[in-house]
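Here's the structure we're looking at; comments come further down.
Every number here is computed from the coordinates shown, using simple stated rules; none is lab data. Fair warning: this is a prediction, and the values are worked out from it, not measured in the lab. Because the Cβ atoms are built from the backbone with ideal geometry, glycine has one as well, and the counts that use them run over all protein chains shown.
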Protein chains: 2
Amino acid sequence: MAEPRSSSSPARASVGEVCAWIDAQVSSLRAEDVPLVEAGGRVAAADVAAGFDLPPFDRAAVDGIAVRAEDTVGASPYSPCLLRWVAASDELPVGGAAQLNAGAPLPRGADAVIALHLVGREAGGAAAITEPVAAASGTEPRGCQVATGNTLVAAGRLLRAAELGLLASAGWERVAVVRRPLVRCVIAGAILETARSPSRAQVYEASGPALRAVVERDGGRIVEATAVARDRASLRDALLRPGADIILVVGGTGPGADDEAAAALAEAGELVIDGVALRHADSAGLGRAGGVPVVLLPGSPAACLLAYEVLAGRAIRRLGGRNGALPFPTRTMTMARKVVSEISMAEVRPVRYATAGSVEPVPPITEIGLMALAGADGFLLIPEGSEGYRQGAAVSVYLYEGYDCAQP
Amino acid sequence: MAEPRSSSSPARASVGEVCAWIDAQVSSLRAEDVPLVEAGGRVAAADVAAGFDLPPFDRAAVDGIAVRAEDTVGASPYSPCLLRWVAASDELPVGGAAQLNAGAPLPRGADAVIALHLVGREAGGAAAITEPVAAASGTEPRGCQVATGNTLVAAGRLLRAAELGLLASAGWERVAVVRRPLVRCVIAGAILETARSPSRAQVYEASGPALRAVVERDGGRIVEATAVARDRASLRDALLRPGADIILVVGGTGPGADDEAAAALAEAGELVIDGVALRHADSAGLGRAGGVPVVLLPGSPAACLLAYEVLAGRAIRRLGGRNGALPFPTRTMTMARKVVSEISMAEVRPVRYATAGSVEPVPPITEIGLMALAGADGFLLIPEGSEGYRQGAAVSVYLYEGYDCAQP
């Protein structure tokens, strides 16, 4: 049996120190070109400029009739101006009116469009206009949305529906985006170890499926998730295999006899942070191996997920060109009950909606594990200098969904 | 040339009336079983109960030594209790101490776990305990997270990382989720129609890529996106083809001569709503054809996207078992400048961050089209009874990203 480790571990890094290290070490991956239809949720790698004016010609802004504005001078309900209906063509004759759909190019000579419901139809086919129109009214002049050379989408912008539609309308079929971070998960043999007796067959690996969901949410892709024997040499070898942009090690971080993740990272490369002042996840660590960042996550599924959210996720989001900050909307709410937190450690504290505008803590992770996170509507991130919040205090709540939880 | 339609269209439905119709007509699709690894972002179709206790046995909550609590009675720094180190096995002898990793089952007889850093090691291999421990401390009793038969994940819950981890740890490899809504987009011939002259080759279809992004965000899947000739018979036939859970028609909704979407829907099934009091998207319509809901969206890309967000997206989210409400977090902010809105129409008004805590309108959609949406940080949904907001007014802003836009 190995000796238990000494209790005099080096001082833990604060969450702020870890974030600063990540921000200094990790930046966007290089760009790749992808088809526009696959670019949703990706991040623009460079400014994209308009190659031509948008719209590319003067066009109708409404369904209506194209006219020469000067032809309508003096029109009134008592003395309507009568224009001759003509088929839409390349040129509008003087005194003519041509029906156009919104978006259709103006014929030469036409400089205004009158909406259909403002146009009367006289016997004999004339269009009756009862009000003079100003030149350019009812039209979209060439280039009014974007002029040639101007920026359509700036580097770093997350590509959502509007950005994709805009790029499509500007003729782009592909776009340069930041490459998706490739993530390797190394699971430090937790299943193997606990499979000694029949009842233990009921211990299932939970961190893998959970990590897959958060990695994909953050724009990454898990290229490999392997269980590795818990010894130092096996872990070290797994850390040195190429092919990933970041490696997450799950388990083997504690003070136990066979907790070798930190030692393996020190051998494979550099163990920079050994222990973080984050409750439940204080055994987490960070460093580099084989030229890529490595995050050591605790093996307990709830702790693993917390450490991912606060530490590893930041690195993955930054690799993918996103903002590193926690990817949850925040809302200021009040505490329906007090919440106590250990000073000297930051703490993620799951909460659920109580009465309107207030939240209450759910039973702690130490008691109900992942049920605390799965049953929560969001969480508080209590800073390490805080002892918690009294009842009625205003707190900033990170919400899992801004809309998807039943709010009282 | 066809006659322009009469201006005396029937009264437009309010956004609230449309939402009520959608809620009455559209509910969750049936369930399907999917592997847990593919279930991220899906919605649980039924309550999932624990088939066994979690954890399935009494286990160590920390890396430490398993003891019989009664063996530690009377321990103090001056008179430590000395226990005999033994290898972990199925039973802990009286007076013994067995080292365990967090998560490992307690040997029979052991009822407490003492964290390693609280344990001294005496010459001769004894474990020195300097403080008595209470029974159950440092342990997780069988079933403390979830007892057999209790709900792990409730029907309707969006499956995120914590839910997936919980289901995995409870032994589930598959889960019943609401089927993804299959969406057909029928593009009413806008490209064909405007491709008459060389310069018009520069008119690209923008709504397709934009709709794909929002449909996927809302949990749906576009199974077909086809351009269809703009005549009534072609549109009617497209509406009657089976294979989709909902059909979105893009374009052909206006008062123009060849705007046949509403008439085609009336022929194919039922046109229930013909016109919506939503600015830029007032030509939208809704109904049913071939047993599925149909939403008629205006053809202009910005208007199409607005109408999707406020009208069609609600139906798709509900089909997929999600909350129908707009899928954006909201935050109360103040107007840095006034915004004016036409009374009698609801209006989506894109805004961007101004100074801290405030927003200002971007140039309107009528002037810059999709650039208004692509350049915005969020939007206001101004109700139909409002004329807008004065400078300094508190408004509820729907944010595209709670975190991803540079906030001043």
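The rotation axis taking chain B to chain A passes closest to the C-beta of one chain B residue; that residue and the distance in whole Å read B:P329, 2. Among residues other than A:I365 with Cβ under 10 Å from its Cβ, the summed charge is 0 (Lys and Arg +1, Asp and Glu -1).
With the convex hull drawn around the C-alpha atoms of region A:279-323, the volume per residue stands at 73 Å³.
For region B:264-363, the spread of Cα coordinates along the three principal axes comes to 51, 30, 22 Å, biggest extent given first. Considering only B:A112, B:A66, B:A88, and ranking their Cα positions along the charge dipole of region B:59-140 that arises from unit charges at the beta-carbon of Lys, Arg, Asp and Glu, the one farthest toward the positive end is B:A88. Computed about the Cα centre, the dipole magnitude for region B:59-140 is approximately 120 debye when only Lys and Arg (+1) and Asp and Glu (-1) carry charge, each at its Cβ.
For the protein assembly as shown, with equal point scatterers placed on the C-alpha atoms only and solvent neglected, what are the log10 I(q)/I(0) values from the Debye formula at q = 0.05, 0.08 1/Å, to two decimals? Result of the Debye calculation: -0.34, -0.76.
Summed over all non-identical Cα pairs, the Kirkwood treatment of region B:1-150 gives a radius of 20.4 Å.
Would you mind getting the Kirkwood hydrodynamic radius of region A:59-140 from its Cα pairs, rounded to one decimal in Å? Don't skip to the answer; put the middle values down first.
Numbers: mean 1/r = 0.0832 Å⁻¹.
About 12.0 Å for region A:59-140.
Tell me, what is the percent relative contact order of chain A, built from C-alpha pairs under 8 Å that lie six or more residues apart?
On the way: 930 pairs, mean separation 66.8, N = 408.
16 percent.
When A:E387 is represented by a point 7 angstrom out along its Cα-to-C-beta vector, the spacings to that point in the other copies are 5.4 nm, nearest first. Residue by residue along A:359-372, Cβ atoms of other protein chains within 10 Å of the local Cβ number 4 on average.
When DSSP beta bridges are limited to those with both residues in chain B, what percentage is antiparallel, rounded to the nearest 5? Mind showing how you got there, number by number?
On the way: 54 of 78 bridges.
Around 70 percent antiparallel, to the nearest 5.
Selection among A:S76, A:P301, A:S169 by position relative to the dipole of chain A gives A:P301 as farthest towards the positive end (Cβ unit charges, Cα centre). Basic side chains Lys and Arg get +1 at the Cβ, acidic Asp and Glu get -1 at the Cβ, and with that the dipole of the protein assembly as shown about its Cα centre reaches some 60 debye. Of the beta bridges in the protein assembly as shown, as assigned by DSSP with both residues counted there, near 70 percent are antiparallel.
In chain A, excluding the sites themselves, the longest stretch lacking any of the GluC sites (Glu not before Pro) that are in a DSSP loop with at most 15 other Cβ atoms within 10 Å is A:174-341.
Please report the equivalent ellipsoid semi-axes of region B:330-399, computed as sqrt(5 x eigenvalue) of the Cα gyration tensor, largest first, in whole Å. List each step's numbers first, then the result.
Details: eigenvalues 52, 49, 20 Å².
The three semi-axes for region B:330-399 are 16, 16, 10 Å.
Both radii come from the Cα set of chain B: Rg as radius of gyration, Rh as Kirkwood radius; their ratio Rg/Rh reads 1.21. Peptide B:254-261 has a mean of 5 when you count, residue by residue, the C-beta atoms of other protein chains within 10 Å of its C-beta. In a simple Cβ point-charge model (Lys, Arg +1; Asp, Glu -1; nothing else charged), chain A has a dipole of about 440 debye relative to its Cα centre. For region A:75-142 versus region B:134-158, the spacing of their alpha-carbon centroids is 72 Å.
Sorted shortest first, the separations between the A:S137 label point and its copies elsewhere in the assembly read 8.4 nm; each point sits 7 Å from Cα along the Cα-to-Cβ line.
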